[in-house]
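Peer 1: I am attaching a structure below and will ask some questions about it afterwards.
The values are calculated or read from the model by the stated rules, or taken from the named source; none is laboratory data. Only a predicted model underlies this, so the values are computations on that prediction, with no experimental measurement involved. Methodologically, a virtual Cβ is constructed for each residue, glycine included, from the backbone with ideal geometry; neighbour enumeration extends over all protein chains shown. All accessible areas refer to the heavy atoms of the entire protein, side chains included, with ligands and DNA or RNA removed. Shrake-Rupley method; radii C 1.70, N 1.55, O 1.52, S 1.80 Å.
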Amino acid sequence: MGISIAETFRDGVVFITGSTGFLGTILLEKLLRSCDVKTIAVLVRSKKGLAASQRAVDIYQRAVFDRLRFEKPDFVTKIKIIDGNLEEPSLGFSTDDRDWLINNVNFVFHCAATIRFNESIQMATKINIQGTENLLELATIMNNLKGFVHVSTAYSHCPRSEIKEQFYPVSISAKELKNLIKRDKNIQNFGVDWPNTYTFTKALTENDILTYENQLPISIFRPSIIGCTQSEPEPGWLDNINGASGIITPIIVGILRTIQLSRDKKTDIVPVDYTANALISVMWSTVNRYKYSDEKNKEPKIYNYVSSADSPIHWDKIINYTFEAYHQAPPLETMWYIFCIFSDSRWLVYILRFLLHRIPGAFIDFSFIIRGKNPKMLKMYKKLESMTDLLKVFTTSEWKFDNGNTLELWSLLSQEDRKTFRFGFEEFDWKSYIKYTVYGIRKHILHEDLSNLPKALSKNQKLFWLHVLCIFLIVYIVFQVCWMFVCRNS
């Protein structure tokens, strides 16, 4: 494979679904900054009264595009907005947009999906399965298609303890599931081994691609838990509190005080910029495989993009690094001094939730009511606990991943491509990465600048002594109650 990655995309037309999402945003930014593409068409749906074009304009004004704006000020001229929706038949494309895609697109990155773990099976099927099938149908009639990469998840077959880069059988097919939904049959028993509808429908979609009649130059890309950027376009960029950031954020703002989590289990996190680089590299490999070898009748290749195989890290380290970074730069808006009890015991966590979440929340809500304000703490804790319950399968379990195809892909890259599109985990510095995560949450989620650090440190010191005082009072009260009980019975 002598041709470089950048050369593969030169003057090419790329189509990205999910370009407004976390991974899609970084993928778009990276392609525009590092590859001399002709056009990137992005699927954007109208939302909350905003037209697709207006949504896109607002998105491209965000800070994540500042570096690109500096290096290539005219980058917006290479973006074509395609108004559409995965939930709609034929993806909701206009006739003109559909014809343009058929006649011009060379590369398709299918990143769009509903990633809500508690999504209804009907909606998850409509978006993740039917949406993918609609896009595959369109891809089969694209006149100049060179490659198609479908983004799945490393946890698509999470009921298994070991996940290799291969297809696995599922008890029901995508077609059968859609027929059951259409007939409004009871489908609660299907997918019972999967922890959520996201991973279940991703597993079905993979097998859908395997059995798809019209052979395409296609690969399946399975990233694990995607975290903030490691370096590009800046360290620590993120725009959501999904995955690891969904745990770290409430911990550092002093809200989350207990969670079901096994500190001795390995977790698997991949930076979003590394993930975008790996995704671009998978497209490069896909194009070259189908161009230079006879792979049209072979199974699509699967790439597990994971960190635990080459640079494993346990939750214990993640937690310790988080606490270290917090003490260096605590958020100014933190509600309480950092304090969290981790346990893999469900019942202990339930008890601790009552003591550490519900009781303090009730007192705060009561103070709100007295002051004529709306209570909100108990509602917030209910939402927070529901979110952490959805994540507990990933915080209390670990998997063994095979990533042979991904390692082989890395070995095929030239030194220049490895530098430009880095995604390998050799000598990865997890301590620095978690620090970037905490600082990124502070900047992009809590919208705090480091200029407030002296004030934040001063406040944190006061919260520490208040925390110590509360512990002392609780211990004193418990001691007094026990002493009274002993005296009464003596």
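Peer 1: Mind listing the long-range amide H neighbours of ILE341? Cut-off is under 5 Å, sequence gap 5 or more, other chains count too, H placed in the peptide plane at 1.01 Å from N.
Peer 2: Excluding prolines and chain starts, which carry no amide H, the hits are THR258, ILE259.
Peer 1: What's the lysine pair count for segment 409-476 at a Cα cut-off below 22 Å, pairs eight or more apart or interchain? Don't skip to the end; give the middle numbers.
Peer 2: Details: LYS419/LYS431; LYS431/LYS443; LYS435/LYS443; LYS435/LYS455; LYS435/LYS459; LYS443/LYS455; LYS443/LYS459.
Qualifying lysine pairs in segment 409-476: 7.
Peer 1: May I ask for the percentage of alpha-carbon pairs in segment 172-289 that lie more than 21 Å from each other? Present the calculation step by step, with values, prior to reporting the outcome.
Peer 2: Numbers: 4129 of 6903 pairs.
Summing the P(r) of segment 172-289 above 21 Å gives 60 percent of all pairs.
Peer 1: On a straight-distance basis, which aspartates and glutamates could pair with LYS382 in a cross-link, Cα separation under 20 angstrom, same-chain partners fewer than 8 positions away excluded?
Peer 2: GLU119, ASP344, ASP365
Peer 1: Give me the extension gain from ASN320 to LEU348: residue separation times 0.36 nm, minus the current Cα-Cα distance, reported in nm with one decimal.
Peer 2: 7.9 nm
Peer 1: If I stretch the segment between VAL468 and ILE172 completely, what's the gain in nm (0.36 nm per residue apart, minus their alpha carbon distance), one decimal? Spell out each step's value before the answer.
Peer 2: Numbers: separation 296, 0.36 × 296 = 106.56 nm, distance 5.49 nm.
Separation in residues times 0.36 nm, less the Cα-Cα distance, equals 101.1 nm.
Peer 1: Report for the chain the percent antiparallel among DSSP-assigned beta bridges with both residues inside it, nearest 5. Walk me through the numbers before you get to the answer.
Peer 2: Working: 3 of 37 bridges.
Percentage antiparallel, nearest 5: 10.
Peer 1: Given H placed on each backbone N at 1.01 Å, which residues far from SER46 in sequence or on other chains put an amide H within less than 5 Å of it?
Peer 2: The answer is ALA52, GLY84.
Peer 1: Leaving out ligands, DNA and RNA, what percent of the accessible area of segment 1-139 is carbon and sulfur, probe 1.4 Å? Each step should come with its number before you reach the end.
Peer 2: Values: 2770 of 5780 Å².
Carbon-and-sulfur percentage of accessible area, whole number: 48.
Peer 1: Give me, ordered by chain and number, the residues 5 or more places off ILE79 or on other chains with an amide H under 5 Å from its own placed amide H.
Peer 2: Sorted by chain and number, the residues that satisfy this are ILE40.
Peer 1: Per-residue ellipticity at 222 nm for the chain, helices alone: DSSP H runs ≥ 4 residues times -39500 (n - 2.57), over residue total, nearest 500 deg cm²/dmol? List each step's numbers first, then the result.
Peer 2: Details: 19 runs with 223 residues, N = 490.
After summing the helix terms and dividing by the residues of the chain, the value is -14000 deg cm²/dmol.
Peer 1: Here is a further query. Wrap a convex hull around the Cα atoms of segment 324-383, take a quarter of its surface area, and give that in square nanometres.
Peer 2: On the way: hull surface 21.3 nm².
For segment 324-383, the mean projected area of the Cα convex hull comes to 5.3 nm².
Peer 1: So which of LYS47/LYS373; LYS265/LYS383; LYS266/LYS317 end up more than 20 Å apart, counting from Cα to Cα? Don't jump to the answer; show the numbers that get you there.
Peer 2: Working: LYS47/LYS373 32 Å; LYS265/LYS383 25 Å; LYS266/LYS317 10 Å.
Result: LYS47/LYS373; LYS265/LYS383 exceed 20 Å.
Peer 1: Give me the one-decimal Kirkwood hydrodynamic radius in Å for segment 414-488, with the sum taken over alpha-carbon pairs. Intermediate values should be presented prior to the final figure.
Peer 2: Values: mean 1/r = 0.0575 Å⁻¹.
Its Kirkwood hydrodynamic radius stands at 17.4 Å.
Peer 1: Here is a follow-up. Would you mind working out the accessible area per residue for the chain, using a 1.4 Å probe, and quoting it in Å²? Mind dumping the intermediate values first?
Peer 2: Details: 23190 Å² over 490 residues.
Per residue, the chain has 47 Å² of solvent-accessible surface.
Peer 1: Got a sec? What order do THR17, THR140 fall in by accessible area at 1.4 Å, biggest, i.e. largest, first?
Peer 2: From most exposed to least exposed: THR140, THR17.
Peer 1: Moving to a separate point now. Taking Cα centroids, how far is segment 372-449 from segment 2-78 in Å?
Peer 2: That distance is 22 Å.
Peer 1: On to the next question. Taking segment 1-97 as the region of interest, what is the percent of Cα-Cα pairs per 10 angstrom bin, listed from the shortest bin to the one with the maximum distance?
Peer 2: That works out to 15, 47, 29, 8, 0, in percent per bin.
Peer 1: Here is a further query. Run the numbers for VAL481 and GLU71: contour at 0.36 nm per residue of separation, minus the present Cα-Cα distance, in nm. Don't jump to the answer; show the numbers that get you there.
Peer 2: Values: separation 410, 0.36 × 410 = 147.60 nm, distance 6.73 nm.
Contour length minus the Cα-Cα distance gives 140.9 nm.
Peer 1: Now a separate question. Could you derive backbone 3J(HN,Hα) for segment 223-229 from the dihedral phi with the Karplus parameters 6.51, -1.76 and 1.60 (θ = phi - 60°), listing whole Hz in sequence and x where the residue is Gly or Pro?
Peer 2: x, 8, 6, 8, x, 5, 5
Peer 1: Cα-Cα pairs above 44 Å in the chain: how many percent? List each step's numbers first, then the result.
Peer 2: Values: 22007 of 119805 pairs.
Distances greater than 44 Å cover 18 percent of the Cα pairs.
Peer 1: Roughly how many nanometres apart are two label points built 7 Å out from the Cα toward the Cβ at ARG358 and SER311?
Peer 2: It is 4.2 nm.
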